[in-house]
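This report concerns only the one structure given below.
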Amino acid sequence: MKASDLFVKCLEAEGVERIYGVPGEENADFMKSLEASSIEFILTRHEQGAAFMASVYGRLTGKVGVCLGTLGPGATNLITGVADGNMDRAPLLVITGQGALTRQHKESHQVMNVVEMYRPVTKWNCAVNHPDNIPEIVHKAIKLAVTEKPGACHIELAEDVAAMDTDAVVLRLSRVRRPVPDDMIIDEVWDRLRSAKSPLIIAGNGAIRTRASRELRALCDATGIGALMTFMAKGALDLDDPQCLFTVGMGQRDFPQLAIDAADLVLTVGYDPVEYGPAKWNEKCDLDIIHMDFDPAESDIHYQPIVEVIGDLAHGLGALNKRIQRDGTPQYDLTAQKKLRQKMMDEFKQYADDETKGSIRPQKAIADARAVLGAHDILLSGVGAHKMWVARHFQSHEPNTCLISNGFCSMGMPLPGAIAAKHADPSAKVLAILGDGDIMMNVQEMETASRLGSDITLLVWEDKAYGLIAWKQEQDFGSHTDLSFNNPDWAQLCNAMGWHHQACDASVDLQDCLKTALDHEGPAMVVIPIDYRENMELTKRLGSIDQTF
């Protein structure tokens, strides 16, 4: 068969259901092969949007998300979204076209070394130089993409290779069972937990895997030990669980640090330093840390575990739970953790019932977003000042119901990500919170959403500036450079793109506006004037935190 037909059959055999992308001339054979396949192709308006869609699809489903671009500018356009997905640990496959092998050795139109360019932002990448290699390459790429820690893999398919004939056959689908921690190391962890006086858990991105979250909840429930969650670990514990200590990860010292300071042992579960570096929470390098994860700990002077438990995270937590059932629950002093939970619950209530007109406080916008979403609905956050408020104030009932880009931390994910989130879970309501800077990064995907009839809602926080940069400059220098810009007429933009639009400038009306938008069939946008004076007010309050609550 033709090589491109074989490539597509390999993808089908691996369970690929959907590909997002923008094709070019060099993908022509591949695209014709897709026409006769079971795989749906989603045409996007920019390759970056395609990469974000594939990344979010992968994060939510645990299956590999696939995006496609052509050579040269198509490949460079993809790369920011690919880097973001890779560092957010999304299982992601990137397919790019390339000029024929007969012209790759010389200066040639649009030809560049894409494989080398992608190497720093992928787990593995490879160019197909012979059609018979396709089954092995596709199988390896997807196998590595979904293996812990998940990430991006890249395959380059040159135009002449795609058109060649081959007798190669599809490889059998295989999934690797992860190794499990040794019983002896679990015994050591249990001994240390039993002898601790005030242990604390920090849950990271790895803890939101379904089985890991279930076992973590059982551990916290049995022992009473509280868990802080990083931005990407939201929902590892239900926000209503007494042991849920909410979110850690603000750049500035925040109340959760007081609970960390009070701990004599910190158990990290699926912790990923790309989110929240250990220097932020273990500045003095004096904490006793137990590291539980799929991979060994990063070498960091501020993160030197006394024990490392490497292997399947759910199995390791389950083994601990069996020892708790066997030996009973130790007695701990968790006073600081209880105070933290109450303190943060008080923080969440601040301005939740605000009725200000003319602008809306971030706390109110977050409270209303939480109020209109169910336990299994999905919220996505972009990058900007709004991200810090979502991270600190929006809490989740279930894993993978709040997606924040917090590894590579790129702007532009929420709009395309919302489209993919609806594909991943059609039964969920999907709400994206994003700034007016963030939405304009991939505003062209409004057309994609309209064309697909995507039932998604965007809540745009408008301040007509890059608010997070202004906030940080204000903290560091007492003032900020000119970071202001103008915005389109949102109503006219929505009308042109076939979207439902609502403007809301009164806090008392926001919840109803959100309900109307979420109930609307198809894409909808709610725009609010955000009161970012609250940014520096929060900075001042956190700056006065001492050693107690």
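Brief remarks follow.
- A single entry from Glu355, Glu298, Glu308 fulfils the requirement of being outside any helix (DSSP H, G or I), under 27 Å from the mean Cα position of the chain (by Cα), more than 20 Å from Leu239 (Cα to Cα) and modelled with pLDDT under 95: Glu298.
- When residues of segment 98-116 are limited to those that are outside any loop (DSSP other than H, G, I, E, B) and of a type in the set (A, V, I, L, M), the one nearest to Ile155 (Cα to Cα): Val115
- Of residues in segment 324-348 being surrounded by fewer than 16 Cβ atoms within 10 Å (Cβ to Cβ), touching a residue at least 40 places away in the same chain (Cβ under 8 Å) and of a type in the set (Asp, Glu), the one farthest from Leu265 (Cα to Cα): Asp327
- Identity of the residue in segment 350-364, closer than 15 Å to Val390 by Cβ and of a type in the set (Lys, Arg), that ends up surrounded by the most Cβ atoms within 10 Å (Cβ to Cβ): Lys364
- Taking the listed residues Glu12, Glu26, the one that is of a type outside the set (Gly, Ala, Ser), more than 23 Å from the chain's Cα centre (by Cα) and surrounded by fewer than 23 Cβ atoms within 10 Å (Cβ to Cβ) is Glu12, with no other qualifying.
- Matching residues, segment 43-62, being assigned to a loop (DSSP other than H, G, I, E, B), out of contact with any Ser or Thr (no Cβ under 6 Å at 6 or more places or on another chain) and at pLDDT 95 or above: His46
- Per the listing Gly85, Gly97, the residue uniquely of a type in the set (Gly, Ala, Ser), under 23 Å from Met411 (Cβ atoms) and touching a residue at least 12 places away in the same chain (Cβ under 8 Å) is Gly85.
- Apart from one condition, Trp471 fits all of (1) among the aromatic types (Phe, Trp, Tyr); (2) out of contact with any Lys or Arg (no Cβ under 8 Å at 6 or more places or on another chain); (3) more than 26 Å from Asn205 (Cβ to Cβ); the exception is (3).
- Tally of residues being surrounded by 15 or more Cβ atoms within 10 Å (Cβ to Cβ), over 24 Å from Gly69 (Cβ atoms) and either of a type in the set (A, V, I, L, M, F, W, C) or outside the structural domain of Arg89 (by TED's automatic domain parsing) (or both) across segment 137-169: 1
- As for segment 54-65, it holds no residue that is free of Cβ contacts under 8 Å to residues at least 60 places away in the same chain, surrounded by 24 or more Cβ atoms within 10 Å (Cβ to Cβ) and within 24 Å of Met411 (Cβ to Cβ).
- Qualifying residue in segment 241-253 (condition: part of a helix (DSSP H, G or I) and either over 25 Å from Glu148 (Cβ atoms) or in contact with a Pro (Cβ under 9 Å, 6 or more places away or on another chain) (or both)): no
- The one condition in (1) outside the structural domain of Lys9 (by TED's automatic domain parsing); (2) surrounded by 15 or more Cβ atoms within 10 Å (Cβ to Cβ); (3) out of contact with any Lys or Arg (no Cβ under 8 Å at 6 or more places or on another chain) that Ile134 fails to fulfil: (1)
- Residues located in segment 383-420, provided they are among the aliphatic types (A, V, I, L, M), outside any strand (DSSP E or B) and within 22 Å of Ile79 (Cβ to Cβ): Val383, Met411, Met413, Leu415, Ala418, Ile419, Ala420
- Here Cys220 meets the list (1) crowded, with 16+ Cβ neighbours inside 10 Å; (2) modelled with pLDDT of 95 or more; (3) out of contact with any strand residue (DSSP E or B) (no Cβ under 9 Å at 6 or more places or on another chain) almost entirely, failing just condition (3).
- Of everything listed in (1) touching a Pro at 6+ places or on another chain (Cβ under 8 Å); (2) closer than 17 Å to Asn205 by Cβ, the single unmet condition for Tyr332 is (2).
The values are calculated or read from the model by the stated rules, or taken from the named source; none is laboratory data. Computed from a predicted structure; not experimentally measured. Here the Cβ is made from the backbone with ideal geometry for all residues, glycine too, and neighbour counts use every protein chain on show.
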